[in-house]
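Read-outs: derived from the displayed coordinates by stated rules, not from any lab. Predicted model only: the values in this text are computed from it and were never measured. Glycine gets a Cβ as well: all are built from the backbone with ideal geometry, and neighbour counts include every protein chain shown.
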Amino acid sequence: MIKEIGRHKVRCGDIFDNLDELYGDKKIDIFYSDPPWGNLEFWQTLNNKMTGAEKKKTDLLKFLQRFFDVAVKYTKDDAPIFVEYGIKWNQQLVEIAMCHGLKQEAQIEMMYGSPARPMILNVFSKTGNLNLTFDYRQKVYHTKGYKSLLEALEPFAKEGMTITDPCCGLGYTARYAIEHGLSFYGNELNQGRLDRTIEKLEKSV
């Protein structure tokens, strides 16, 4: 399912399916995502409970390979690529990103829920030329939730740009786009969760 809402465009579907129907020939300015970490079975179960969709067994390594296929294919050469990820699985994520030719510009520890559950904001690029400063890293360090996104994107996002999240969930990347004058392209497996993103976008147009 593809839905266009003003300058925004969202799709309900599996990331393994053809995403050309969402992106076409468009190249995205900024990529920001918090994809599922570790237990993909949880998200398949949640999708089944919320929407009745069939559960599919998904291998984490295959998922991450596909995730970075999308990140590389649909972004501009100078696009920053931000990925929030659980610290337990982060090295695996970084290795797969580098196998896709991406350069790691930064690993910045963030907070997820409580100090006992740190996570990492990974910043990648195709060129290695983002030149992130110490002050930038300090501003993002130990932030949590939407504030992390605000601080991470502040130097990069400009009105009129397009931002994408191929695992957009309840839509906090979409919220950033709405509040800062960007176009949003999002994909989400779970229609129930995507509906929350659609509600945000529809209120903004």
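Between the DSSP loop rule and a limit of at most 12 other Cβ atoms within 10 Å, which GluC sites (Glu not before Pro) in the stretch 50-96 are left?
Values: sites: Glu54, Glu84, Glu95; in loops: Glu54.
Sites meeting the loop and neighbour criteria: Glu54.
Of Glu188, Glu151, Glu159, the residue with the greatest mean-square motion in the GNM of the chain, using alpha carbon springs below 10 Å, is Glu159. The distance linking the stretch 22-42 with the stretch 147-205 is 12 Å (Cα centroid to Cα centroid, whole angstrom).
Applying the Karplus relation 6.51 cos²θ - 1.76 cosθ + 1.60 with θ = phi - 60° to the stretch 42-50 yields 3J(HN,Hα) values of 4, 6, 5, 5, 4, 4, 4, 5, 7 Hz, where x marks Gly and Pro. Using the Karplus relation 6.51 cos²θ - 1.76 cosθ + 1.60 with θ = phi - 60°, the per-residue 3J(HN,Hα) values for the stretch 163-177 come to 10, 10, 9, x, 9, 7, x, 8, x, 7, 5, 4, 4, 4, 4 Hz, with x marking Gly and Pro. Near Gly13: Cβ cut-off under 9 Å, other residues only, Lys/Arg at +1 and Asp/Glu at -1. The net charge is -3.
Tell me, what is a quarter of the convex hull surface for the C-alpha atoms of the stretch 76-136, in nm² with one decimal?
On the way: hull surface 18.1 nm².
If I average the Cα hull's projected area over directions, I get 4.5 nm².
Within the stretch 123-193, which trypsin sites (Lys or Arg not before Pro) sit in a loop by DSSP and count at most 16 neighbouring Cβ atoms inside 10 Å? The partial results should precede the final answer.
Values: sites: Lys126, Arg137, Lys139, Lys144, Lys147, Lys158, Arg175, Arg193; in loops: Lys126, Lys158.
Taking the stretch 123-193 and a limit of 16 other Cβ atoms within 10 Å, the loop trypsin sites (Lys or Arg not before Pro) found are Lys158.
What 222 nm value per residue comes from the helices of the chain, counting each DSSP H run with n ≥ 4 as -39,500 (n - 2.57) and dividing by all residues, nearest 500 deg cm²/dmol? Spell out each step's value before the answer.
Values: 8 runs with 78 residues, N = 205.
Helix contribution divided over all residues of the chain: -11000 deg cm²/dmol.
Evaluated at q = 0.12, 0.14, 0.17 Å⁻¹, the base-10 log of the normalised Debye intensity for the chain, with identical point scatterers placed on the Cα atoms, takes the values -0.57, -0.80, -1.25.
Placing a label point 7 Å from the Cα of Arg117 along the Cα-to-Cβ direction, the residues of the stretch 59-86 whose backbone N falls under 12 Å from that point are 86. Available extension along the chain between Asn18 and Glu4 is 3.3 nm, counting 0.36 nm per residue and deducting the alpha carbon span.
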